[in-house]
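Chemist: Can you keep this structure in mind? I'll have questions shortly.
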Amino acid sequence: MDKQPIFVTQPSLAPLNEFTDLLKGVWDRGILTHNGPLVQQLEKEISTKLELPNFLTVTNGTIAIQMAIKALELKGEIITTPFTWVATISAIQWEGCTPVFCDIEADTLNIDPAKIEEKITDKTVAIMPVHVFGNPCDVEVIEAVAKKHGLKVIYDAAHAIGSTYKGKSLLQYGDISATSLHATKLLNTAEGGGCITLDREINEKLKRIRFFGHNDQKEIVEEGFNGKMTEVHAALGLANLKYYDDVLIDRKHKYLQYKEKLSGLDFITFQEIKLGESNYSYFPIIFESEERLLYVEKKLNSKQIYPRRYFYPSVNTFNFILDISTPQPISEDVAKRILCLPLYFNLTIGNIESIISIIEND
Ligand code: T4K
């Protein structure tokens, strides 16, 4: 085994010179931010790559969610999943809304669409599902429920760049999708994110909100804040985007390798991908018990291998969460038993085999 520690992930990075070549232009122009040419180019190239009408870059995935809530002018209860990163919920609360949890499906780990309706009250304004680990939610059923009750849908699509539904980018679903370009994501700008909507007016509103509420004439026409990506981050994104297809293929290959080898173990199950295609950006395994997870994690750690307990604990158990609902038994249970194994471009097949053999020799 390599002596270097192996973490759950590592950023996928283009060769340094390809980044610095782009930075030379930034230095020459002296334009560092405020919707500069590289930000515009990145937005265009991501939109083309994913066949989306628009991709609005922002400073990070958390701000993308907050901007989506602001753009749709939501005030009230937002039905969401307890099995997520805390940012889904803190973004809702920072925007003055109340998260209401709807438990997940034990197999897909996504919000259970059959349970959403029972959470709707006269204060409900929106549904915010998460495509957990890039696994597509049942977007059609969710849309039907939202339509029936006059609710908005914002997807927390932080993990979902590269995931598809019926052959199209998953990011085009919902009134708005909010994604992340964080260092740990499939495509990264170090910190960064994006808002995607098919609605032109909402897209224009998002642009204004991102830039203090300015219109094109630089008049302040509404309440906004600062969600702008810088030229330096966009340069990194443009450099990395050239390798996006390679990264996507590599993740799927490694994911399938892990899955094939671990499938024979009777104390492990896997997240089910029932709809569309995941981007295979994480490799979660679900143990039969938390004790077993802790035992395997300790063994891996002793070999300097550091998987992560995404998402533990279930978010509804944090004491600063204002949820008005009941316990979330499936999410709380899965959260205790799930471990994401290392998965990234520079991870070698030898690394994967070593990780598998440590788990197998339990
Ligand atoms: N919604 C969902 C469902 C999300 O999962 C997230 C974020 C968001 C919304 C919000 O999006 P952002 O505002 O973050 O854009 C990570 C990420 O910080 C976070 O983006 C991500 N989800 C969450 C699931 O995981 P940590 O605490 O695991 O990060 P950290 O620093 O422990 O990194 C994990 C491993 O990655 C490290 O052990 C080493 C490696 N690493 C990390 C960084 C930051 C590197 O090699 N280089 C790096 O620069 O949170």
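Chemist: Within the group 22, 16, which residue is open to solvent by 30 Å² or more (accessible area, probe 1.4 Å) and either without any contact (Cβ under 8 Å) to a residue 24 or more places away in the chain or touching a Pro at 6+ places or on another chain (Cβ under 6 Å) (or both)?
Modeler: When all the criteria are applied, what remains is 16.
Chemist: Could I ask something else about it? If the requirement is being more than 15 Å from the ligand (Cβ to nearest atom) and closer than 19 Å to residue 154 by Cα, which of these qualifies: 52, 38, 23?
Modeler: 52
Chemist: Mind listing whichever residues of the stretch 136-160 are open to solvent by 10 Å² or more (accessible area, probe 1.4 Å) and part of a loop (DSSP other than H, G, I, E, B)?
Modeler: 138, 150, 151, 158, 159
Chemist: Now for a different question. Please pick out the residue among 337, 308 that is of a type outside the set (Ser, Thr, Tyr), closer than 21 Å to residue 8 by Cα and in contact with an Asp or Glu (Cβ under 8 Å, 6 or more places away or on another chain). Spell out how you get there, then give the answer.
Modeler: Working: 308 fails: in contact with an Asp or Glu (Cβ under 8 Å, 6 or more places away or on another chain).
Just a single option satisfies the conditions, and that option is 337.
Chemist: If you don't mind, there's one more thing I want to ask. Within the stretch 301-319, take every residue that is away from the ligand (no atom under 12 Å from the Cβ), in a loop (DSSP other than H, G, I, E, B) and among the polar types (S, T, N, Q) and give me the one that is nearest to the chain's Cα centre (by Cα).
Modeler: Taking the candidates together, the pick is 314.
Chemist: Just one of (1) open to solvent by 70 Å² or more (accessible area, probe 1.4 Å); (2) of a type in the set (Gly, Ala, Ser); (3) touching a helix residue (DSSP H, G or I) at 6+ places or on another chain (Cβ under 6 Å) trips up residue 314, so point out which.
Modeler: (1)
Okay, residues lined up against (1) over 20 Å from the mean Cα position of the chain (by Cα); (2) under 29 Å from residue 88 (Cα atoms); (3) among the β-branched types (Val, Ile, Thr); (4) part of a strand (DSSP E or B):
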{"position": "265", "(1), (2), (3), (4)": "yes, no, no, no"}
{"position": "269", "(1), (2), (3), (4)": "yes, yes, yes, yes"}
{"position": "297", "(1), (2), (3), (4)": "yes, yes, no, no"}
{"position": "322", "(1), (2), (3), (4)": "yes, yes, no, no"}
{"position": "336", "(1), (2), (3), (4)": "yes, yes, no, no"}
{"position": "358", "(1), (2), (3), (4)": "yes, no, yes, no"}
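Chemist: Check off (1) more than 22 Å from the chain's Cα centre (by Cα); (2) part of a loop (DSSP other than H, G, I, E, B) for residue 275 and give me the number that stays unchecked.
Modeler: That leaves (1) as the condition not met.
Chemist: Can you name the residue in the stretch 93-108 that is in a strand (DSSP E or B) and hydrophobic (A, V, I, L, M, F, W, C) and, of all such residues, is farthest from the ligand (Cβ to nearest atom)? Lay out the reasoning, then the answer.
Modeler: Initial filter on the stretch 93-108 (in a strand (DSSP E or B)): 98-101, 104.
Cutting the leftovers down to hydrophobic (A, V, I, L, M, F, W, C) gives us 100-101, 104.
Numbers: 100: 17, 101: 14, 104: 13 Å.
Applying the filter and picking the extreme gives 100.
Chemist: Restricting attention to the stretch 154-179, report how many residues are out of contact with any Lys or Arg (no Cβ under 9 Å at 6 or more places or on another chain) and among the hydrophobic types (A, V, I, L, M, F, W, C).
Modeler: 6
Chemist: Among the residues in the stretch 212-223, are any at negative phi and within 16 Å of the ligand (Cβ to nearest atom)?
Modeler: Within the stretch 212-223, none of the residues are at negative phi and within 16 Å of the ligand (Cβ to nearest atom).
Chemist: In addition: Any residue at all in the stretch 83-92 that is in a loop (DSSP other than H, G, I, E, B), surrounded by 22 or more Cβ atoms within 10 Å (Cβ to Cβ) and out of contact with any Gly (no Cβ under 7 Å at 6 or more places or on another chain)?
Modeler: Yes, because at least one residue in the stretch 83-92 is in a loop (DSSP other than H, G, I, E, B), surrounded by 22 or more Cβ atoms within 10 Å (Cβ to Cβ) and out of contact with any Gly (no Cβ under 7 Å at 6 or more places or on another chain).
Chemist: Note down all Cβ pairs under 9 Å where the first residue falls in the stretch 307-331 and is closer than 24 Å to residue 283 by Cα, the second is open to solvent by 70 Å² or more (accessible area, probe 1.4 Å) and within 15 Å of the ligand (Cβ to nearest atom), and they're at least six residues apart or on different chains.
Modeler: What qualifies is 307/7; 308/7; 310/85; 311/85; 315/85.
Chemist: To continue, here is another question. Considering only the stretch 139-173, state which residues are free of Cβ contacts under 8 Å to residues at least 40 places away in the same chain and at positive phi.
Modeler: Those that are free of Cβ contacts under 8 Å to residues at least 40 places away in the same chain and at positive phi: 150, 167.
Chemist: What is the number of the single condition among (1) in a helix (DSSP H, G or I); (2) farther than 26 Å from residue 160 by Cβ; (3) touching a residue at least 40 places away in the same chain (Cβ under 8 Å) that residue 75 does not meet?
Modeler: Just one mismatch for residue 75, condition (1).
Chemist: Any residue at all in the stretch 85-94 that is touching a helix residue (DSSP H, G or I) at 6+ places or on another chain (Cβ under 7 Å) and either farther than 17 Å from residue 317 by Cα or among the basic types (Lys, Arg) (or both)?
Modeler: yes
Chemist: Could I ask something else about it? Counting only residues that are outside any helix (DSSP H, G or I) and of a type in the set (A, V, I, L, M, F, W, C), which one in the stretch 279-295 is farthest from the chain's Cα centre (by Cα)?
Modeler: So the residue we want is 287.
Chemist: Another one. Restricting to the stretch 338-356, count the residues that are open to solvent by 80 Å² or more (accessible area, probe 1.4 Å) and assigned to a loop (DSSP other than H, G, I, E, B).
Modeler: Total meeting the criteria: 2.
The values are calculated or read from the model by the stated rules, or taken from the named source; none is laboratory data. For clarity, every value in this text was computed on a predicted model and none was experimentally measured. Glycine gets a Cβ as well: all are built from the backbone with ideal geometry, and neighbour counts include every protein chain shown. Remember, those area values only see protein heavy atoms, side chains included, never the ligands or the DNA or RNA. Shrake-Rupley method; radii C 1.70, N 1.55, O 1.52, S 1.80 Å.
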